[in-house]
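Visitor: Below is one structure. I have some questions about it.
The values are calculated or read from the model by the stated rules, or taken from the named source; none is laboratory data. A quick note: this is a predicted structure, and the numbers were derived from the prediction, not measured. For neighbour counting, all protein chains shown are included, and Cβ atoms are generated from backbone atoms with ideal geometry for every residue, glycine included. Remember, those area values only see protein heavy atoms, side chains included, never the ligands or the DNA or RNA. Shrake-Rupley method; radii C 1.70, N 1.55, O 1.52, S 1.80 Å.
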Amino acid sequence: MGVPDQVAAIELAARNIRTFHEASLPRDVAVETAPGLTVRKVWRPIDRVGLYVPGGNTPLFSTLLMLGIPAQVAGVGEIVAVTPPCSGGSLDSFIALAAELCGIESIWTVGGAQGIAALAFGAGGIPKVDKICGPGSAWVAEAKRLVASLPGGPAIDMPAGPSELLVIADESADPRIVAADLLSQAEHDAGAQVILVTPSEQLAETVAQAVEVQLVDLPRSDIARASLASARLILVADLEESVAIANLYAPEHLSLAVENADSLVPAVRNAGAVFAGLLAAETFGDYIAGSSHVLPTDGAARAWGGVSAYTFLKAMSVQTVSPEAARRIAAPAAALARLEQLEAHARAADARLELVR
């Protein structure tokens, strides 16, 4: 594939990501909870966010697209991006292209925990940000947790460390494809976790064999083998038990390589992203489908979702009260405040009643 085709592929990914996140923007809501008493929920973008883009030997331009486009769609005032430099000390050209497609005017070549520190506290020309988003190594993930725990520290998107994939497969699955999916995550990082859960002992054996065959000419085989040292093949009684294990583990990525995959989806409660069916490659989610590949790891999918336009927005409630509504609700509100022994609250409600008598 020549450079024009590579650029076209990146531009296609950017269009799909933008299409998905524009369509999933939240809408403002107004609810009249009682006659004359209206409460609105309105959304506002975060003023300044920091994006961490893993890089170095394998600069992940796709991660910048997955972070920057939702931030741009949300209307973030200022987007600050950092990424490790290339081996030569410069900025990777495809990361520069991704930054342009995200409307990011400058990107700083600093990575690791120090990149997180620069975003959290400010450093030279890098301004302090309100929220830090993006995946990284275990060091990056821990640095994000640390700065978020400090008084006045930035918010973070989620715990997003080394990659995870759990595959649920039955007899209908192609062992070569399952092996390819497992290796697609194992090649990320020596700390990546890959797991196969299946009721078929024969499938487990053939997948293990296919993994060994595919490792032979895999360019990042050393990294993949290091990851596979911690991989697991789990035999279960049936698919119901497979889903139960997945819900306990709460993987970043969950692949359902089974017949009638859609029938399993309602039972899945904890996963960063689900790939339902034999054709739904996790690789498509990483690059081209449109939803973000920045997802919770380390079991965080029990309580967190992946990056979306919501990640870069905050909700506010707006209350408006008519004179008639104030007459009806002031006394009950004051009574509730006095039940909690908060007299100043009660008097503030009483004061409104005096205004509308």
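Visitor: Going by the conditions given, is V258 of a type in the set (V, I, T) and open to solvent by 30 Å² or more (accessible area, probe 1.4 Å)?
Guide: no
Visitor: Please go through region 281-295 and pick out each residue that is open to solvent by less than 30 Å² (accessible area, probe 1.4 Å), at negative phi and in a loop (DSSP other than H, G, I, E, B).
Guide: Selection gives A281, S292, H293, V294, L295.
Visitor: Let me ask another. Which numbered condition trips up D298, out of (1) closer than 20 Å to L183 by Cα; (2) out of contact with any helix residue (DSSP H, G or I) (no Cβ under 7 Å at 6 or more places or on another chain); (3) buried (at least 21 other Cβ atoms within 10 Å of the Cβ)?
Guide: (3)
Visitor: Within region 20-49, can you find the residues that are more than 17 Å from the chain's Cα centre (by Cα) and among the polar types (S, T, N, Q)?
Guide: Within region 20-49, T33, T38 meet the criteria.
Visitor: Identify all residues within region 146-188 that are of a type in the set (A, V, I, L, M), closer than 28 Å to L119 by Cβ and surrounded by fewer than 22 Cβ atoms within 10 Å (Cβ to Cβ); write none if there are none.
Guide: L146, V147, A148, L150, A155
Visitor: Would you be able to tell me the number of residues in region 85-117 that are under 23 Å from V7 (Cα atoms), open to solvent by 60 Å² or more (accessible area, probe 1.4 Å) and assigned to a helix (DSSP H, G or I)?
Guide: 2
Visitor: Also, I was wondering about something else. Scanning for something at pLDDT 95 or above and touching a Phe, Trp or Tyr at 6+ places or on another chain (Cβ under 6 Å), does region 27-43 turn up at least one residue?
Guide: no
Visitor: So, of the residues in region 61-83 that are touching a strand residue (DSSP E or B) at 6+ places or on another chain (Cβ under 8 Å) and assigned to a helix (DSSP H, G or I), which turns out to be farthest from R44 (Cα to Cα)?
Guide: If we take residues in region 61-83 being touching a strand residue (DSSP E or B) at 6+ places or on another chain (Cβ under 8 Å) and assigned to a helix (DSSP H, G or I), then L64 is farthest from R44 (Cα to Cα).
Visitor: Next up: Take the conditions in contact (Cβ under 8 Å) with a residue 24 or more places away in the chain, polar (S, T, N, Q), within 22 Å of I126 (Cβ to Cβ) and in contact with a Leu (Cβ under 7 Å, 6 or more places away or on another chain) and apply them to T83. Does it pass?
Guide: no
Visitor: Still on this model: Would you pick out the residues in region 228-241 that are closer than 30 Å to G136 by Cβ and either open to solvent by less than 40 Å² (accessible area, probe 1.4 Å) or in contact with a helix residue (DSSP H, G or I) (Cβ under 6 Å, 6 or more places away or on another chain) (or both)?
Guide: Selection gives L228, A231, L233.
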